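Notes follow once the structure below has been shown.
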Amino acid sequence: MAAPQFSADDYLRAMQSLMPRGRVWPRDPDAVQTKVLRGLSAVYVRTNARANNVLAEAFPPTTYELLPEWEATLGLPDTCSGTVQTVIQRRGQVVARFIGMAGQRISDYVGWAAQLGFSITVTNCAPFRMGQSRMGAPLGGPDWSHTWRINAPLDSIIPFRMGGSAMGDPLQAWGNAVLECEMEAVSPPHTILQFSYT
C-alpha cells in the first residue's frame, strides 16, 4: 500500500469543509480566508511529504537521512567498516547487522555476504580419504575437517548507483576487507575460515 499523497487543493477542501457555515466563512477562491487557507495547505503538503519520507527512513534498506542513527544503534562504524565506505556499503552493513545470521548453512553465509554487497560461494573442505576423494585433492590434516573456504572475486566492485548512492561517493568502490572482517565475526569459532580470490 502506497503512502497517501495529498495536494494543496485536497488540504484546502478539507479545511473549508471543517469551517462553520455562514456569511463570515466564505469559500470563494478570491476571499481572503481562502487565500490564507491556501497558504497553510502548502505547509501541510510539505509536512505530508516529510511524513511519508519517514516511512522509507524507518527501514534499513531504504534509509538515507537516518543512516547514522541506524549505524549508532547497531554499533557501527566498527573495525569491520574500514576507512571509506559508500552509502550503499554502509546501508548494506546496517541491513546485514540488523537481520543477523539465520543459521549456519552455506546459503545463510551466501545471503549474509549478498546483504553486504558481495557475491560469494562456499567450499567445505575435507581431509583426503582413499576411495572417496578424487586424485589431486589436497591431503589436509585433522583440522581440514573444520576448514571452509569463501570464494569471491579478487576485487568485489560496488558501483555508484543513481538513487542509492550519495554525492561524494566514488564512482566505484572495491575491496574485500569488509567481507573478510564480517565473515570472521560470524563464522563458528571451532572452524578455520579461508578466503580464495579469483
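Worth pointing out:
- Condition check for residue 27: touching a helix residue (DSSP H, G or I) at 6+ places or on another chain (Cβ under 6 Å), surrounded by 13 or more Cβ atoms within 10 Å (Cβ to Cβ), part of a loop (DSSP other than H, G, I, E, B) and outside the structural domain of residue 175 (by TED's automatic domain parsing): yes
- Restricting 113, 56, 8, 42 to residues that are crowded, with 16+ Cβ neighbours inside 10 Å and touching a Phe, Trp or Tyr at 6+ places or on another chain (Cβ under 9 Å) narrows the list to 8.
- Screening the candidates 144, 148 for the property of being within 16 Å of residue 191 (Cα to Cα), at pLDDT below 80 and surrounded by 14 or more Cβ atoms within 10 Å (Cβ to Cβ) yields one hit, 144.
- Comparison of 83, 79 shows that the only residue that is on the phi < 0 side of the Ramachandran plot, at pLDDT below 75 and assigned to a loop (DSSP other than H, G, I, E, B) is 83.
- Within region 59-77, the only residue that satisfies the criterion of being among the small types (Gly, Ala, Ser) and either in contact with a helix residue (DSSP H, G or I) (Cβ under 8 Å, 6 or more places away or on another chain) or surrounded by 12 or more Cβ atoms within 10 Å (Cβ to Cβ) (or both) is 75.
Residues are listed down the side, and each one gets a yes or a no for (1) at pLDDT 90 or above; (2) of a type outside the set (Ser, Thr, Tyr):
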{"residue": "6", "(1), (2)": "yes, yes"}
{"residue": "24", "(1), (2)": "no, yes"}
{"residue": "45", "(1), (2)": "yes, yes"}
{"residue": "50", "(1), (2)": "yes, yes"}
{"residue": "70", "(1), (2)": "yes, yes"}
{"residue": "107", "(1), (2)": "yes, no"}
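- Among the residues listed as 50, 38, the single one being in a helix (DSSP H, G or I) and within 30 Å of residue 73 (Cα to Cα): 50
- Pairs where the first residue, in region 46-59, is under 26 Å from residue 98 (Cβ atoms) and the second is of a type in the set (Val, Ile, Thr) and not in a helix (DSSP H, G or I), C-beta under 7 Å, 6+ apart: 57/63
The values are calculated or read from the model by the stated rules, or taken from the named source; none is laboratory data. On a predicted model such as this, the values are computed, not experimentally measured, just so you know. Note: ideal-geometry Cβ built from the backbone for every residue, glycine included; neighbour counts use all protein chains shown.
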